[in-house]
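The values are calculated or read from the model by the stated rules, or taken from the named source; none is laboratory data. Here the structure is a predicted model, which is why all the values come from computation and not from measurement. Reconstructed Cβ throughout: ideal geometry from the backbone, glycine too, with neighbour counts over all protein chains shown. With ligands, DNA and RNA removed, areas are computed over all heavy atoms of the protein, side chains included. Shrake-Rupley method; radii C 1.70, N 1.55, O 1.52, S 1.80 Å.
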Amino acid sequence: MLSLSPQCPVHGRTLHRETCRACNAAYMRGYLQDRRRRRPAREIWERARKRARRLNLTFNLPRDSIVIPPSCPVLGLPLQTGGKRSERSPSLDRIRPQDGYVVGNVRVVSDRANRLKGALDLPRLEARAAAARGVRRQEYDRLVEYVRRETLLSEVRAKAALGGRTGQEWDKIARFLEKAFVRADWAR
């Protein structure tokens, strides 16, 4: 089952999970590493669910809602799964941090982009972009563009939620924008 070969500091590779805590811990480390490598989107979802519970945030993401694009939609970095955490690791961004982990408010981005953005709102991101220089300025400019785009999409979705004939038209626009943004992100 495990592609890794767990090793206990006491018993070596012969594990005695039923009687030795160190053996069981070694097995579980290997199991969890293997699971993160095989199903990274599921692991991102589970970590988000635990984080939402710990931070008392709303969480209503279906299990299959996390899709890891080939590259970061913000910075264009190719995303790498399965290894140790790096700036190219996939990370779940809450576009509007106060809204929690809800459908339409999350996007998989690179760990680098998510750390740069943090819990900053659009005005604070714009201020950081104006103060930054060089490559950092380019990264913040791309973050500003990303947050503006996602804010527009959330406003269109809010209008679509009003219902009626007008809401149906706004829903069409929201679906079109979502597809266009995803296509543009995956093309980077």
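Quick one: count up the residues across the stretch 66-116 that are under 17 Å from Arg37 (Cα atoms) and free of Cβ contacts under 8 Å to residues at least 60 places away in the same chain.
20
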Filtered residues of the stretch 104-130 (kept if aliphatic (A, V, I, L, M), within 21 Å of Arg53 (Cβ to Cβ) and either surrounded by 17 or more Cβ atoms within 10 Å (Cβ to Cβ) or modelled with pLDDT of 95 or more (or both)): Val106, Val108
For Arg149: the one exception among (1) within 18 Å of the chain's Cα centre (by Cα); (2) assigned to a helix (DSSP H, G or I); (3) exposed (fewer than 15 other Cβ atoms within 10 Å of the Cβ): (3)
Scope the stretch 63-87; condition of a type in the set (A, V, I, L, M, F, W, C) and under 18 Å from Leu116 (Cβ atoms); matching residues: Cys72, Val74, Leu75, Leu77, Leu79
Those residues of the stretch 1-41 which are in a loop (DSSP other than H, G, I, E, B) and among the charged types (D, E, K, R), in sequence order: Arg13, Arg17, Glu18, Arg39
Residue tally, condition of a type in the set (Val, Ile, Thr) and open to solvent by 50 Å² or more (accessible area, probe 1.4 Å), over the stretch 59-103: 3
Matching option when the condition is without any contact (Cβ under 8 Å) to a residue 24 or more places away in the chain and open to solvent by less than 60 Å² (accessible area, probe 1.4 Å), among Leu15, Leu32: Leu15
Near pairs, Cβ below 7 angstrom, 6+ apart or cross-chain, from the stretch 140-166 (over 22 Å from Leu77 (Cα atoms)) to any residue that is open to solvent by 40 Å² or more (accessible area, probe 1.4 Å) and aromatic (Phe, Trp, Tyr): Val156/Trp170; Lys159/Trp170; Ala160/Trp170
Among residues of the stretch 80-101, those that are at pLDDT 90 or above, assigned to a loop (DSSP other than H, G, I, E, B) and within 12 Å of the chain's Cα centre (by Cα), counted: 2
Residue check, Val182 aliphatic (A, V, I, L, M), without any contact (Cβ under 8 Å) to a residue 60 or more places away in the chain and either out of contact with any Cys (no Cβ under 6 Å at 6 or more places or on another chain) or open to solvent by less than 20 Å² (accessible area, probe 1.4 Å) (or both): no
Candidate set: the stretch 102-115, residues that are polar (S, T, N, Q) and not in a strand (DSSP E or B); chosen: the one nearest to Leu61 (Cα to Cα): Asn105
